[in-house]
Structure formats: C-alpha cells, structure tokens
1. Show me the helices (runs of 4 or more DSSP H) entirely contained within region 291-382 in which 1 or more residues are surrounded by fewer than 16 Cβ atoms within 10 Å (Cβ to Cβ).
2. If we scan region 247-254, do we find a residue that is open to solvent by less than 70 Å² (accessible area, probe 1.4 Å), under 24 Å from residue 310 (Cα atoms), at pLDDT 95 or above and part of a helix (DSSP H, G or I)?
3. Any residue that is out of contact with any Ser or Thr (no Cβ under 8 Å at 6 or more places or on another chain), open to solvent by less than 50 Å² (accessible area, probe 1.4 Å), assigned to a helix (DSSP H, G or I) and more than 24 Å from residue 77 (Cβ to Cβ) - is there at least one of those in region 163-177?
4. Scan region 2-32 for residues that are closer than 16 Å to residue 382 by Cα and open to solvent by 90 Å² or more (accessible area, probe 1.4 Å) and jot them down.
5. Can you find a residue in region 208-221 that is assigned to a loop (DSSP other than H, G, I, E, B), in contact with a strand residue (DSSP E or B) (Cβ under 7 Å, 6 or more places away or on another chain), among the β-branched types (Val, Ile, Thr) and surrounded by 13 or more Cβ atoms within 10 Å (Cβ to Cβ)?
6. Residues in region 180-189: is at least one open to solvent by 30 Å² or more (accessible area, probe 1.4 Å) and not in a helix (DSSP H, G or I)?
Amino acid sequence: RRFVPRNKQIIPAYVSRFLPACLAALVSMASPQRSLTGIGKEVYSDRRDKSNISRMLKCREFRSRELHWEVLKKVLPSLAPKFGQKKDWHVAIDGTANQRGAFTRILGAILSKMAPQKIAKLGTPSKKGRRTKYHTFLMGVLTTHEGVRIPLPRYTCDPTKFNRPGRPRKVRKTQLDLAKLMLEQLLDTLPWGVRLIVTADSYYESEKLTNLARSRGFVFIAPIDSNRCFADDHSPNKSNGERIRNYGLQLKWDSFSRLDLVRGSEETAPYRRYSERKPGPKDRRTYWLHHESRTVAKLGTVGLVFSWKTPVYEPRRNFSRKSFKILMCSDPNFSGEKVVEWYECRWTAIEIIFRELKQYLGLGDFTGKNLQAFERYIDLVL
C-alpha cells in the first residue's frame, strides 16, 4: 500500500484499494495455476469472485504500465548508492512469448506457421510441434549493486494485422523500438551515481541501441550478428566486405588471453544468482579472449571480444569442446574480461526470471479473452 500511488489519472480509487489484496493473492495461492477464479477466491467469499477480477482488468482507466513506472520512481531512490559513491546496475532485456493454444480468442494472437507436409507428418495435434497462438512481450530485469532484482514494465509487440482500439497504426514498433523506449524511460528515473550496463541477445544488436548507449552514457553488450562486417574509418556506415566472424576464426591462438571464472568469486558475483550448494571443481568456466577496438558497419567504433569457451553444454557439460562467440560492446575502452563477465549475468537475470514467473506466479495462466486485460494481468504479475 505504501508504494501504490493514489493517482486517479492512472488508477481508479476502487482499484487502488483492491490492488494490494490482489497482489497478495497472486503470491500466496497454493494452486500452481493462477486463474481469475482462483485469484478471486483468495480475496472474495461470494460467488462473483471471477467477475470482480475480470472487471478490474478490463477497466480502461486502469493504466497498469504507467502505474508500474510510478512505483519504480518511488522504489529506486531507496536503493541508490550512498552519497558520493558510483555503482553499476545491470539490465537484461529480452522478449517472451505467451502461448495460449491454437483456439485462443484473445485479440491479436499470432498463429505459428507450419508447413503442410510437417502437419501431415506429425499427425494428431497432441504430438510435439502442434500449432499454437501466442503474444510477444518485451520485458527487462534491473539488478542493483546489492543484488536486488526488479522487473521493468512490459511492452507489447503488436501483431501486424492487429489495430489497437483507439490507436490504429500503419507503422508498428518493433522490439528494438520498444527496447529503446524502455531504456530511455528507465534512464530518466535512475538515481544519481548509477551507471547502467545493458545486456541482450543477438536479436537486439542494432544501430538504434548502440547509438542510444553512446548518447545516454550507458554500456550496451550483445553478441554480434554473424553477417556483420567491418567498415573503413572514413565511411563507418558502409561495409568493406570483411565479415567479422571469418576474421575472428582466423586469429592466431597466441593472441588470446586466458580467463578463468569460478562460481562465487567473480567481480560481478553480487549481480548473479547462485544456489546454496558449495562450489565444486566443475564450476569453473574457462575463456580465451581477444579484444579489439574496431569500426563496424553502421555501429561505428565499438569493442569486439572474440572468445572461446569451455565447457560446452550439450545438454551436459563437456570439457573437451569449445564454443566460439563474438561480443560487441558500445564502449571500446571496456575491457574484454568485463564484457564477458557482464554478459554471463544475462542468463540468470532474465531467462531464469521468465521461467519462475511462468511456473510460480502464473505469467501464462490468463484465461480471459481481452488483450488489454491480458496486458494488465501481466503487469500485476511483474
């Protein structure tokens, strides 16, 4: 109740009074599935439990994403570093798809495509690979220097054939546009003394986010696209035809330096998630790094880290094999060791959060038919 604002422009008074009990019900439910009926039974005793929850989620005046940002503005100052200190905060961004089955009636659902030959081969829909409908949402997780994890507000990737009521658009915002919007809004709410380090997968490696990192003073790390090429200094926007991946695979082995990371002893350990078990001899990850500052087509001058890693998970650890990856950093002066360590934090920061939200807090358990209600339900879960 202390963090929910009483702003009638984004949240009606009755929703503001009811919201803390609804959030408590989401957390305390014994059933693994968070249906509207189940949430209502945790709060109400009469038989109109589901309708009350549904009515709240369909309320147009309930602007749940704006409410999420307002709560963040209240929370973040209490987590700021001490006066005079400067700390790094980590943000991992990624998109997740909520599958709802092929017969969902929620507006805007995308039906996954499948070749007719594959459908005939699979046979019954119960077999693996059946068609399904889904919605894609962009999400992010902020981790402070003390290890506090805060989910950022979600952004919906509208399907091409879906016109949002009241706001028809001919040009749709991509996940890159939404990621830029999310980071800009987060940067405006950060307290003093905080530098942001953003990690993402190769889908978000783009000119938009790299230029935003330079202009707003944060660090952006992502795997380089396999087709990305170098560029000459006098024409940074034009490719010179030399592929970065081919260049990295031809580097001499004596130009690589070794980096050993042991579970719990990394410099970024406060930002990581570990179980309570003791570290064993197989918890070591070994990297061979080669760091360069180069001009990349359309990205400008960035730091490139060519790395070989062992063990390889296939799905178990195999110490006899190595995997190759090229990481891009918007700050050319960022060391290769730091780039690798921060990118390692991405998996537990965002992928594990997705799994936990879906398994324990019902991120994909919405049972209604309205897309806007679905979005508000996801905002409550976050």
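The values are calculated or read from the model by the stated rules, or taken from the named source; none is laboratory data. Every value quoted in this text rests on a predicted model; they were computed, and no experiment measured them. Heads up, the Cβs are rebuilt from the backbone with ideal geometry, glycines too, and the neighbour counts pull from every protein chain shown. Protein only, heavy atoms only, side chains kept; ligands, DNA and RNA dropped before computing areas. Shrake-Rupley method; radii C 1.70, N 1.55, O 1.52, S 1.80 Å.
1. 352-360
2. Scanning region 247-254, I find at least one residue that is open to solvent by less than 70 Å² (accessible area, probe 1.4 Å), under 24 Å from residue 310 (Cα atoms), at pLDDT 95 or above and part of a helix (DSSP H, G or I), so the answer is yes.
3. Checked region 163-177: at least one residue is out of contact with any Ser or Thr (no Cβ under 8 Å at 6 or more places or on another chain), open to solvent by less than 50 Å² (accessible area, probe 1.4 Å), assigned to a helix (DSSP H, G or I) and more than 24 Å from residue 77 (Cβ to Cβ).
4. Of everything in region 2-32, just one residue is closer than 16 Å to residue 382 by Cα and open to solvent by 90 Å² or more (accessible area, probe 1.4 Å), namely 27.
5. No, region 208-221 contains no residue that is assigned to a loop (DSSP other than H, G, I, E, B), in contact with a strand residue (DSSP E or B) (Cβ under 7 Å, 6 or more places away or on another chain), among the β-branched types (Val, Ile, Thr) and surrounded by 13 or more Cβ atoms within 10 Å (Cβ to Cβ).
6. Within region 180-189, not a single residue is open to solvent by 30 Å² or more (accessible area, probe 1.4 Å) and not in a helix (DSSP H, G or I).
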